[in-house]
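Please read the structure below before turning to the comments.
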Amino acid sequence: MLTACVSTRHPTVDELRQVPGATSFYPAAVTYFNQASEGAYGVDSGSPASIHVFACTDPATQDTVAEWFGARLTAAGWIKDPGHAGVDPSTHTGGSSWTREQRHFELRFPTTAYTERIARGVGKPAGCRNAYESYVQ
């Protein structure tokens, strides 16, 4: 018996950037990193392209940032997932997630300690009290 291997096609980073709201970035935030990764194809379904952002939003609070992203993504056709994004309490204090067709957007709020560690790793100054991390694929 012969079977065919089928590979799942995932969108490219350029295609992901074309999805309304996928590149949302809080105004006046200071970027710590903005990384885009191409997807991979494979018989195991591979992995989709992704865009990962970490940014300091001082003086804006987490509530202000969450409201801004919620309004922006909803207006662009994203639907908020029930509950919140899965977060590790040792590195994040909370978050939310949205979907739009097959795309997924996560917004997470890192702890001060985690933000300091990221800042050191990318050569940014210490002292950011409010930051966010977004991940879209």
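The values are calculated or read from the model by the stated rules, or taken from the named source; none is laboratory data. Since the model is a prediction, treat every value here as computed from it, not as a measurement. Glycine gets a Cβ as well: all are built from the backbone with ideal geometry, and neighbour counts include every protein chain shown.
Residue count for the range 73-102 satisfying the condition of being of a type in the set (D, E, K, R) and either in contact with an Asp or Glu (Cβ under 7 Å, 6 or more places away or on another chain) or crowded, with 17+ Cβ neighbours inside 10 Å (or both): 1.
Within the range 55-68, residues that are within 13 Å of residue 134 (Cα to Cα) reach partners that are in a helix (DSSP H, G or I) with beta carbons closer than 7 Å, at six or more positions or on different chains, in the pairs 57/65.
Annotation note: of 77, 83, 42, 70, the sole residue that is modelled with pLDDT of 95 or more and part of a loop (DSSP other than H, G, I, E, B) is 77.
This table checks each residue for (1) under 19 Å from residue 29 (Cβ atoms); (2) under 16 Å from the mean Cα position of the chain (by Cα); (3) not aliphatic (A, V, I, L, M).
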site	(1), (2), (3)
103	no, yes, yes
109	yes, yes, yes
117	yes, no, yes
120	yes, no, yes
128	yes, no, yes
131	yes, yes, no
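Within the range 89-106, the set of residues being assigned to a loop (DSSP other than H, G, I, E, B) and farther than 28 Å from residue 11 by Cα comprises 89, 90, 91. Total residues in the range 45-65 satisfying the condition of being of a type in the set (A, V, I, L, M, F, W, C), in a strand (DSSP E or B) and touching a His at 6+ places or on another chain (Cβ under 8 Å): the figure is 0. One residue stands out among those in the range 5-39 that are among the acidic types (Asp, Glu) and not in a loop (DSSP other than H, G, I, E, B): the one that is modelled with the highest pLDDT, which is 14.
Restricting attention to the range 115-127, the residues that are without any contact (Cβ under 8 Å) to a residue 24 or more places away in the chain and either under 27 Å from residue 13 (Cα atoms) or part of a helix (DSSP H, G or I) (or both) add up to 5.
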